[in-house]
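Just below is one structure, and these are the notes that go with it.
The values are calculated or read from the model by the stated rules, or taken from the named source; none is laboratory data. This structure is a prediction, so every number in the text was calculated from the model and none was measured. Here the Cβ positions follow ideal geometry from the backbone for every residue, glycine too, while neighbour counts run over all protein chains shown.
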Amino acid sequence: MKIAIVGAGIIGVTTAWELASDGHEVMVFERRGAAAEEASFANAGVVAPGYVTPWASPGMRAKVLRSLLSSHGAVKLRWPLSGRDVGWISQWQRACKLETYLANRSRLQRLAFYSRSRLHEISEARELSYERGQGLLVLLRNHRERKLAQPGLDVLRAAGSTFREVDADEARTIEPALAASTRLAGAVYLPDDEVANCRQFALLLKREAEAIGVQFHFGCDIAPLQRSAPSSITLAAGSPAIAFDAVVVCAGVDSARLLQPLGLRIPLAPVYGHSISAQIREPLNAPRSAIMDERYKVAISRLGQRVRVAGSAELGGSLDKVHPAAFRTLYKVLQDWFPGAVTLQNGVQQWKGARPMLPDGPPIIGSSGIRGVWLNLGHGSSGWALSCGSARVLADQISGRSAEIDLEGLGIERLLRH
Ligand SMILES: Cc1cc2nc3c(=O)[nH]c(=O)nc-3n(C[C@H](O)[C@H](O)[C@H](O)COP(=O)(O)OP(=O)(O)OC[C@H]3O[C@@H](n4cnc5c(N)ncnc54)[C@H](O)[C@@H]3O)c2cc1C
């Protein structure tokens, strides 16, 4: 089949790779000048399938309210809030019901575990070498946090994650540079989880995809799809339509706008996050792999010669309006745990990105219900961790093959049921 993909983030690139591996003729259209320039650019890089759970969960409403009131809280509402954001919040609240949460959690985790093994298969088969670190350490600052972590450990157990609770001394053995002056009650160590550079992987896989025939077209802003010819694409600036056998929409937060003329109302909202990346000054003072500060929901990742600190969840506002408070929290958490690890005087990359979030958690992967239009979107806070598996199961569906995992609840029907 001749297939167009809109979007060259991590989801578009992995989808292109899988479809071309199946023998399809694939063209990728991307409005930016390179792959992985938007949400996939500077994320935390954490691949931890047991921690891939919906943000819509019982008890989350109270946590969000507390966070809104705290200066270093991870969740913030920004002005202006659009009608779409308000609608998204009410759908999110409905999805916090226990049974909805449990169903979405198992859908996400099934996909996340599969995705991690697919990531490893591709990396080994293609001998891809990118910045990565083995193991995730979730830090619990006091005994209350240790207690509050227990339900999360039940989730990890149920998911079959390998983990162990460690005391502060063992945590400091695993990550010897953790500052002694910051109080640590204990940690959860997940040795099989990892951190890896999403953008670097996307660029390497793009090259592999090109080698098997995928054509990437950059600087192509694609117009919303049209009812009269849904699997044809045109440029937003105007151009003759190019017809394909299939179009796959992998356009991150912009996907909803592209699909709207087809009558598809996808409740996607941008939930903004931030990261800073800085050069390591003294490797002995830097993390070895990935750390998650459970109190501030901030990840600290070692990516080669840099440390990346990422977190925050802002609904409302816009991508280009930056609130310095979000970065202050990242610097604070870095300073708490790894003072002196990086050079902060110059060359720090500060980044704000938009997670393409659906209100209930899992992405939408599969047919749109409209002939020739396929979806791989809405991966929210875990698009890197879910990318390779999502791409494989979408390619299986397009080729009419059964996927290796149960796809129940990952299709668009889930949202239409509401
Ligand atoms: C602070 C932060 C930390 C994160 N940490 C993690 C983490 O640790 N682990 C994890 O798994 N995930 C993490 N994520 C989430 C992850 O980054 C996203 O889920 C993922 O990057 C989404 O990939 P995507 O390809 O769907 O979107 P994008 O990377 O945004 O790609 C979509 C692409 O489509 C293009 N596009 C859009 N519209 C058009 C159009 N009309 N025409 C042509 N091209 C178009 C865009 O330019 C873009 O390149 C984090 C996100 C943030 C913000």
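Going by the structure shown, is Ala48 within 21 Å of Val155 (Cβ to Cβ) and either under 18 Å from the mean Cα position of the chain (by Cα) or among the basic types (Lys, Arg) (or both)? First the steps, then the outcome.
Numbers: within 21 Å of Val155 (Cβ to Cβ): yes; either under 18 Å from the mean Cα position of the chain (by Cα) or among the basic types (Lys, Arg) (or both): yes.
Spelling it out, Ala48 is indeed within 21 Å of Val155 (Cβ to Cβ) and either under 18 Å from the mean Cα position of the chain (by Cα) or among the basic types (Lys, Arg) (or both).
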Every pair of residues 6+ apart whose Cβ atoms lie under 6 Å, when the first sits in region 364-382 and is at pLDDT below 95 and within 16 Å of the ligand (Cβ to nearest atom) while the second is assigned to a helix (DSSP H, G or I) and polar (S, T, N, Q)
none
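Of the residues that make up region 167-186, is at least one closer than 30 Å to Ala299 by Cα, in a loop (DSSP other than H, G, I, E, B) and of a type in the set (Ser, Thr, Tyr)?
Quick first cut of region 167-186, residues closer than 30 Å to Ala299 by Cα only: 167-186.
Checking which are in a loop (DSSP other than H, G, I, E, B) leaves us with 175-185.
Pick out the ones that are also of a type in the set (Ser, Thr, Tyr) and you get 181-182.
Scanning region 167-186, I find at least one residue that is closer than 30 Å to Ala299 by Cα, in a loop (DSSP other than H, G, I, E, B) and of a type in the set (Ser, Thr, Tyr), so the answer is yes.
Table: residues versus (1) outside any helix (DSSP H, G or I); (2) within 15 Å of the ligand (Cβ to nearest atom); (3) modelled with pLDDT under 95; (4) under 23 Å from Asp254 (Cβ atoms).
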| residue | (1), (2), (3), (4) |
| --- | --- |
| Leu334 | no, yes, no, no |
| Gln345 | yes, no, yes, no |
| Ser390 | no, yes, no, yes |
| Leu407 | yes, no, no, no |
| Arg414 | no, no, yes, yes |
Quick check: anything in region 349-363 away from the ligand (no atom under 15 Å from the Cβ), under 15 Å from Ala310 (Cβ atoms) and either polar (S, T, N, Q) or not in a loop (DSSP other than H, G, I, E, B) (or both)?
no
Of all residues in region 208-246, which are closer than 15 Å to Gln260 by Cα and among the aliphatic types (A, V, I, L, M)?
Ile222, Ala223, Leu225, Ala229, Ile233, Ala236
Just the residues that are free of Cβ contacts under 8 Å to residues at least 40 places away in the same chain and among the basic types (Lys, Arg), please, taken from region 383-413.
Arg401
Which residue pairs have Cβ atoms closer than 7 Å, lie 6 or more positions apart in sequence or on different chains, and pair a first residue in region 20-38 that is among the acidic types (Asp, Glu) with a second residue that is near the ligand (Cβ under 9 Å from one of its atoms) and modelled with pLDDT under 95?
none
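Residue-wise test of (1) in contact with a Leu (Cβ under 8 Å, 6 or more places away or on another chain); (2) surrounded by fewer than 24 Cβ atoms within 10 Å (Cβ to Cβ).
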residue: Val13; (1), (2): yes, no
residue: Ala16; (1), (2): no, no
residue: Asp22; (1), (2): no, yes
residue: Met27; (1), (2): no, yes
residue: Gly33; (1), (2): no, yes
residue: Glu37; (1), (2): no, yes
residue: Asn43; (1), (2): no, no
residue: Val46; (1), (2): yes, no
residue: Tyr51; (1), (2): yes, no
Given (1) modelled with pLDDT of 95 or more; (2) surrounded by 14 or more Cβ atoms within 10 Å (Cβ to Cβ), number of the condition Leu156 does not satisfy
(1)
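Within the bounds of region 191-210, is there any residue that is assigned to a loop (DSSP other than H, G, I, E, B), surrounded by fewer than 16 Cβ atoms within 10 Å (Cβ to Cβ) and in contact with a strand residue (DSSP E or B) (Cβ under 7 Å, 6 or more places away or on another chain)?
For region 191-210, residues assigned to a loop (DSSP other than H, G, I, E, B), surrounded by fewer than 16 Cβ atoms within 10 Å (Cβ to Cβ) and in contact with a strand residue (DSSP E or B) (Cβ under 7 Å, 6 or more places away or on another chain): absent.
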Meets criteria (hydroxyl-bearing (Ser, Thr, Tyr), free of Cβ contacts under 8 Å to residues at least 24 places away in the same chain and surrounded by fewer than 21 Cβ atoms within 10 Å (Cβ to Cβ)) for Thr182
no
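What are the residues in region 238-255 that are within 14 Å of the ligand (Cβ to nearest atom) and under 25 Å from Ser40 (Cα atoms), if any?
First pass over region 238-255, keeping only residues within 14 Å of the ligand (Cβ to nearest atom): 238-239, 242, 247-255.
Across region 238-255, the qualifying residues are Val247, Val248, Val249, Cys250, Ala251, Gly252, Val253, Asp254, Ser255.
So which residues in region 256-268 are under 30 Å from Thr329 (Cβ atoms) and more than 13 Å from the ligand (Cβ to nearest atom), if there are any at all?
Pass one, region 256-268, residues under 30 Å from Thr329 (Cβ atoms): 256, 267-268.
Hit for region 256-268 is Pro267, nothing else.
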Filtering region 227-243 down to residues that are surrounded by 14 or more Cβ atoms within 10 Å (Cβ to Cβ) and of a type in the set (S, T, N, Q) yields Ser231, Ser232, Thr234
